[in-house]
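J.: The structure's right below; bear with me while I get my questions together.
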Amino acid sequence: MERRVWLFYIFICCLFCPACVTSQDKSEPVSTVPLEQDTLEMEPDFSYEITEQLPHILVDQTGYQSMDKKIAFFYGNELEENFEIRNEKTEETVYTGLLHKVKEEDGKTLYSGTFTDFTKEGCYYLHHNKIGDSYAFSIEKNIYSRQYTDLNKMLLKQEHENVGSLAYMLANCMFIKEMFQDAWINASFIHSKTALLLNSQDAKTGAFYSEILTEPVAFETYEGTISLSTTAQMAGVLAQYSYIYREDKDTLLAGQCLQAAQKAYRYVEKYRDNTDTDAWYFAAVQLYRATGQYKYRNAIREYDTLSEESRSSTPQGYTMLADFTYLATPYATDYKRCTGLLDAYIERAQNISANSFRENFYVPSNIDTMSNKEILDDMFVLGVVNHVLSGQEYAGIQKNYIHYLSGINRKCKNYLSKDIVFSETDKGNEWSDAVELLVIYSNLYS
C-alpha cells in the first residue's frame with residue numbers, strides 16, 4: 001500500500017505579461033529604412049538596411065523570483081567589471097554587481113553577472129557603462145504563481161477550432177487538478193467543455209467528429225469529418241474525466257463519459273492499424289485506470305511490443321500523460337514496467353542536467369536547434385524527476401529553461417510573451433498547445 005501511495009505521488013509534471021512594461025530603451029531594435037538622395041548631376045537611389053541592434057545584456061524579461069538565483073549575461077569586449085541594477089521609474093542605481101568572464105564567442109566575450117542577494121520586489125533594468133541597458137524585468141515574491149494565473153486566464157479565453165485541440169487542453173487541466181491541488185483550475189470550465197465535446201460523438205458508431213458541435217445533430221445527415229486520432233484521444237480524455245470526477249456531485253456526467261469513452265475505444269479497435277499509436281496508448285491506460293478491465297491492460301502490453309518506428313522513441317504529450325497515469329493506477333501494474341518508466345525519465349533528466357552549462361546560459365548546448373515542443377517536454381520531465389527525488393536540482397534547471405525562453409538567449413527574445421505563445425511560429429513550430437506551459441508552471445506554483 002505504501003508503494004502504491006509513493007507511486008501515486010510520483011505522478012507529477014513537472015507569462016506572461018511581466019509586471020513591468022518592457023523597456024523600449026536605449027537598445028530598441030532598429031527597423032529597416034530605405035533612404036533616397038538626390039544630386040545635381042545624377043539621381044542615384046541609395047537603399048540599404050540598418051542592421052538590427054539588440055541589447056548586449058540578456059535578462060529574463062518576464063522576471064525573477066525574489067529568493068531564487070538571479071543571473072544575467074553580457075556581450076562585449078574588455079568590459080568594466082561592474083554592472084548596475086536601476087529602478088525602472090526613477091533610474092536610481094539600487095545595486096552594483098560584478099561581472100565574471102565566461103567565454104569568447106563570435107569575436108566577443110560573454111560575461112555573467114549574478115544578483116541573487118538583491119531581493120527587493122519591483123521593476124528594474126540592468127546598466128553597464130560601455131554597452132548600455134537591458135530590457136526591463138520584475139522581481140517578485142511568487143512570480144511563477146502569477147505567471148500560472150495569468151496563463152490560466154488567457155487559456156480559458158481561447159477559442160478552439162477542433163475537438164482535438166480542446167481535448168488536449170482538458171487532459172492537461174485534469175492532470176493539474178489531480179496532482180497539483182495548490183494550483184487553481186476552473187472546475188466548471190472542465191465540466192462544461194467535457195459535456196460540450198460529447199455532442200461531437202456519433203451516437204451510432206462511437207466515433208468522434210473533428211468539429212466541435214454545440215448541440216447533438218442528426219448524424220445520418222451530418223456531413224462532418226470522422227477522425228480516428230481524435231476518437232482515440234477523446235476515449236482517453238473522457239475516461240480520465242470519469243475517474244477523476246467519479247465521486248463528484250455530478251456523477252451522472254462521469255458515468256456518461258465512461259460509457260462514451262468505451263464506445264469510442266471500440267470504434268478505434270476496429271481500425272487499430274490506422275490509429276495514432278500514442279493516442280491509442282493514452283486511451284488504453286486511462287480506461288484501464290477507470291475500469292480495471294483486462295482488455296485495456298492487454299492493450300498496454302501490446303503497445304510495449306511495438307517497434308520504435310510505430311511509437312514515439314522519445315515520450316511526449318499524450319505518451320507522457322499516459323506513462324504517469326499508469327504509475328498512478330489503482331489496479332495491478334507491471335512492476336518491471338513501472339521501474340523501467342521511472343529509470344528512463346530519471347536518465348533523461350540526468351542527461352539534460354549533464355549538458356547544461358554556464359557557457360550556454362545553463363541550458364543544453366543544442367537548445368537553439370530544439371522545437372518549442374521538445375523544450376516543453378524536457379521541462380515536463382525535469383519537473384517529474386524533481387518530485388521523485390524530492391530535491392531542487394532539477395527545478396533549478398527547469399527555471400533556467402524559463403529564463404532562456406524569456407530572454408536569456410542569443411536573439412534576446414522573449415518567447416513567452418503572450419503574442420508569441422498564442423500566435424507566432426518563431427522557433428520552428430508554434431505554441432499550438434500553450435496548456436503545456438500551464439502544467440510546467442503548476443509544478444513551480446507556490
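The values are calculated or read from the model by the stated rules, or taken from the named source; none is laboratory data. Quick caveat, the model's predicted, so the values are computed rather than measured. Here Cβ is always computed from backbone atoms with ideal geometry, including for glycine, and neighbour counts include all displayed protein chains.
J.: Cβ-Cβ under 7 Å, sequence separation 6+ or interchain: first residue in the stretch 64-87 and part of a strand (DSSP E or B), partner basic (Lys, Arg) and at pLDDT 95 or above. Which pairs?
T.: Tyr64/Lys70; Gly76/Lys130
J.: For the stretch 216-232, indicate whether the set of residues that are modelled with pLDDT under 95, in a helix (DSSP H, G or I) and in contact with an Asp or Glu (Cβ under 6 Å, 6 or more places away or on another chain) is non-empty.
T.: Yes; the residues of the stretch 216-232 include at least one that is modelled with pLDDT under 95, in a helix (DSSP H, G or I) and in contact with an Asp or Glu (Cβ under 6 Å, 6 or more places away or on another chain).
J.: Could you count how many residues in the stretch 47-82 are farther than 12 Å from Ser134 by Cα and at pLDDT below 90?
T.: Keep residues of the stretch 47-82 that are farther than 12 Å from Ser134 by Cα, which gives 47-53, 62-71, 76-82.
Within this subset, residues satisfying the condition of being at pLDDT below 90 are 47-53.
The total comes to 7.
J.: Would you check which residues across the stretch 341-399 are modelled with pLDDT of 90 or more and among the basic types (Lys, Arg) and list them?
T.: Correct list: Arg348, Lys399.
J.: Among the listed residues Thr214, Thr231, identify the single one that is hydroxyl-bearing (Ser, Thr, Tyr), under 19 Å from Asn162 (Cα atoms) and surrounded by fewer than 23 Cβ atoms within 10 Å (Cβ to Cβ).
T.: Thr214
J.: Further question: Looking at the stretch 343-355, can you tell me whether even one residue there is in contact with a Pro (Cβ under 9 Å, 6 or more places away or on another chain) and outside any helix (DSSP H, G or I)?
T.: There is at least one residue in the stretch 343-355 that is in contact with a Pro (Cβ under 9 Å, 6 or more places away or on another chain) and outside any helix (DSSP H, G or I).
J.: Here are Asp304, Asp248: which of them is in a loop (DSSP other than H, G, I, E, B) and modelled with pLDDT under 95? Break it down into steps so the answer makes sense when it comes.
T.: Details: Asp304 fails: in a loop (DSSP other than H, G, I, E, B).
Matching residue, one of Asp304, Asp248: Asp248.
J.: Filter the stretch 182-203 down to residues that are touching a Phe, Trp or Tyr at 6+ places or on another chain (Cβ under 7 Å), closer than 21 Å to Leu252 by Cα and not in a helix (DSSP H, G or I) and give me whichever is modelled with the highest pLDDT. Spell out how you get there, then give the answer.
T.: Within the stretch 182-203, the first condition is being touching a Phe, Trp or Tyr at 6+ places or on another chain (Cβ under 7 Å), and the residues that meet it are 182-183, 194, 200-203.
Next, from what is left, pick out any that are closer than 21 Å to Leu252 by Cα: 194, 200-203.
From what is left, the residues that are not in a helix (DSSP H, G or I) are 201-203.
Working: Gln201: 94, Asp202: 91, Ala203: 88.
Here the residue is Gln201.
J.: So, of the residues in the stretch 326-368 that are within 23 Å of Thr109 (Cβ to Cβ) and acidic (Asp, Glu), which turns out to be nearest to the chain's Cα centre (by Cα)?
T.: Checking each candidate, the answer is Asp368.
J.: Considering only the stretch 152-203, how many residues are surrounded by fewer than 16 Cβ atoms within 10 Å (Cβ to Cβ), aromatic (Phe, Trp, Tyr) and closer than 23 Å to Thr231 by Cα?
T.: 1
J.: Any idea which of (1) over 17 Å from the mean Cα position of the chain (by Cα); (2) at pLDDT below 90; (3) within 22 Å of Asp250 (Cα to Cα) is the one Met179 doesn't satisfy?
T.: All conditions are met except number (1).
J.: Let me ask something additional. Given the structure, is Glu374 within 19 Å of Asn443 (Cα to Cα) and under 16 Å from the mean Cα position of the chain (by Cα)?
T.: On the way: within 19 Å of Asn443 (Cα to Cα): yes; under 16 Å from the mean Cα position of the chain (by Cα): yes.
Yes, satisfied.
J.: Scan the stretch 245-261 and tell me whether some residue there is surrounded by 24 or more Cβ atoms within 10 Å (Cβ to Cβ) and under 21 Å from Thr319 (Cβ atoms).
T.: Yes, the stretch 245-261 contains at least one residue that is surrounded by 24 or more Cβ atoms within 10 Å (Cβ to Cβ) and under 21 Å from Thr319 (Cβ atoms).
J.: Name the residue, out of Thr90, Thr96, Thr119, that is out of contact with any Lys or Arg (no Cβ under 8 Å at 6 or more places or on another chain) and assigned to a strand (DSSP E or B).
T.: Numbers: Thr90 fails: assigned to a strand (DSSP E or B); Thr119 fails: assigned to a strand (DSSP E or B).
None of the other options fit; the residue is Thr96.
J.: Considering the stretch 127-168 alone, what residues qualify as being of a type in the set (Lys, Arg) and more than 20 Å from Ser406 (Cβ to Cβ)?
T.: Within the stretch 127-168, Lys130, Lys157 qualify.
J.: Can you tell which of Ser112, Ser23 is at pLDDT below 60 and crowded, with 17+ Cβ neighbours inside 10 Å?
T.: Details: Ser112 fails: at pLDDT below 60.
The conditions single out Ser23.
J.: Residue check, Thr114 against (1) closer than 22 Å to Glu88 by Cβ; (2) out of contact with any strand residue (DSSP E or B) (no Cβ under 6 Å at 6 or more places or on another chain); (3) of a type outside the set (A, V, I, L, M, F, W, C), all met but one. Which one?
T.: The one condition Thr114 does not meet is (2).
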